[in-house]
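The values are calculated or read from the model by the stated rules, or taken from the named source; none is laboratory data. Just so you know, these numbers come straight off a predicted model, no measurement behind them. Neighbour counts are summed over all protein chains in view; Cβ atoms, including those assigned to glycine, are modelled from backbone coordinates with ideal geometry.
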Amino acid sequence: MARAGSRDLLATYKAKRDFGKTPEPKAKRERAKGNSFVIQKHAARRTHFDFRLEHDGVLKSWAVTKGPSLDPHEKRLAVRTEDHPLEYGGFEGVIPKGEYGGGPVMIWDEGTWEPIGDPDEGLAKGDLKFRLHGHRLNGDYVLVRMKKDRTGGKRENWLLIKKRDDYAGDGSEPTQDFDTSVKSGRSMDQILTGDSAIWTSNKAQKKTPVARTKRAATAKKRPARKPAR
């Protein structure tokens, strides 16, 4: 099956955002250059795991509410979201409150992926099989598209399922076993309150830790001691 070619895969991404206000990068589709994948834990309105596969110069994306599992019996809901720019895959930090998706973002896992079969055909048919080579997730998975919501909603629901192989394990839940970043080793709280980056459209800005700010304010208010007589 032919690839997307000149079609603007980031049109929906651009339409949803006001780049004069959002800290996210402007839409930029790049030439197909790799086969990376990234899973970002994102504590926005609801904490979820953004599952992204590089394809056609963008990141094909799904929001997995409970995160990926290593248990083949588990079928995790994965809501398809708009394609994202490749730059999104390297971000870990804090999107300021009040902005779209405000909250801490952690790179929970990253690596490379390889399709099993034609990925374009798999996406079109709603049966995308692939193999992951990550720090925490490895082995074969499948994304299966479900029928439209019975309520007539516009969401495109898929199921993320682990195939049985040497990496599978009944009852194995990596999102419970690992709660730190593979990039920095930080927890979500450390990313949120620590000396972490706040993502802006132009550059990363350092966030002064709350504790440090309070200490500085206390020092300014404290009266000077009188010299001893």
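For this structure, a couple of remarks:
- Of all the residues in segment 180-209, those that are assigned to a loop (DSSP other than H, G, I, E, B), modelled with pLDDT of 50 or more and farther than 17 Å from TRP108 by Cα number 3.
- Residue in segment 112-129 that is modelled with pLDDT of 95 or more, out of contact with any helix residue (DSSP H, G or I) (no Cβ under 9 Å at 6 or more places or on another chain) and of a type in the set (Phe, Trp, Tyr) present: yes
- Close pairs (6 angstrom Cβ cut-off, 6 or more residues apart or separate chains): in contact (Cβ under 8 Å) with a residue 40 or more places away in the chain and more than 18 Å from GLY34 (Cα to Cα) in segment 116-138, of a type in the set (Gly, Ala, Ser) and surrounded by 15 or more Cβ atoms within 10 Å (Cβ to Cβ) anywhere: none
Quick grid of which residues meet (1) at pLDDT 90 or above; (2) of a type in the set (Gly, Ala, Ser); (3) within 17 Å of the chain's Cα centre (by Cα); (4) over 17 Å from THR112 (Cβ atoms):
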residue: GLY20; (1), (2), (3), (4): no, yes, no, yes
residue: GLY34; (1), (2), (3), (4): no, yes, no, no
residue: LYS41; (1), (2), (3), (4): yes, no, yes, yes
residue: THR47; (1), (2), (3), (4): yes, no, yes, yes
residue: ASP56; (1), (2), (3), (4): yes, no, no, no
residue: LYS60; (1), (2), (3), (4): yes, no, yes, no
residue: PRO96; (1), (2), (3), (4): no, no, yes, yes
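- Residue match in segment 166-176 (condition: part of a loop (DSSP other than H, G, I, E, B), closer than 30 Å to GLU99 by Cβ, of a type in the set (Gly, Ala, Ser) and modelled with pLDDT of 95 or more): no
- Filter result for PRO104 (assigned to a strand (DSSP E or B) and not acidic (Asp, Glu)): yes
- Within segment 45-73, tally of residues that are in contact with a Ser or Thr (Cβ under 9 Å, 6 or more places away or on another chain), in a loop (DSSP other than H, G, I, E, B) and of a type outside the set (Gly, Ala, Ser): 6
- Residue in segment 112-134 that is surrounded by the fewest Cβ atoms within 10 Å (Cβ to Cβ), counting only those that are among the hydrophobic types (A, V, I, L, M, F, W, C) and closer than 22 Å to PRO68 by Cβ: ILE116
- Only listed residue being β-branched (Val, Ile, Thr), in contact with a Phe, Trp or Tyr (Cβ under 8 Å, 6 or more places away or on another chain), more than 18 Å from HIS48 (Cβ to Cβ) and surrounded by 15 or more Cβ atoms within 10 Å (Cβ to Cβ), chosen from VAL142, VAL182: VAL142
- Search result, residues across segment 100-111 that are modelled with pLDDT under 95 and surrounded by fewer than 18 Cβ atoms within 10 Å (Cβ to Cβ): TYR100, GLY101, GLY102
- Every residue from segment 62-83 that is crowded, with 21+ Cβ neighbours inside 10 Å and either at pLDDT below 95 or among the polar types (S, T, N, Q) (or both): SER69, ASP83
- Filter result for the condition that a residue is out of contact with any Leu (no Cβ under 7 Å at 6 or more places or on another chain) and among the hydrophobic types (A, V, I, L, M, F, W, C), over ALA27, ALA44, ALA78: ALA44
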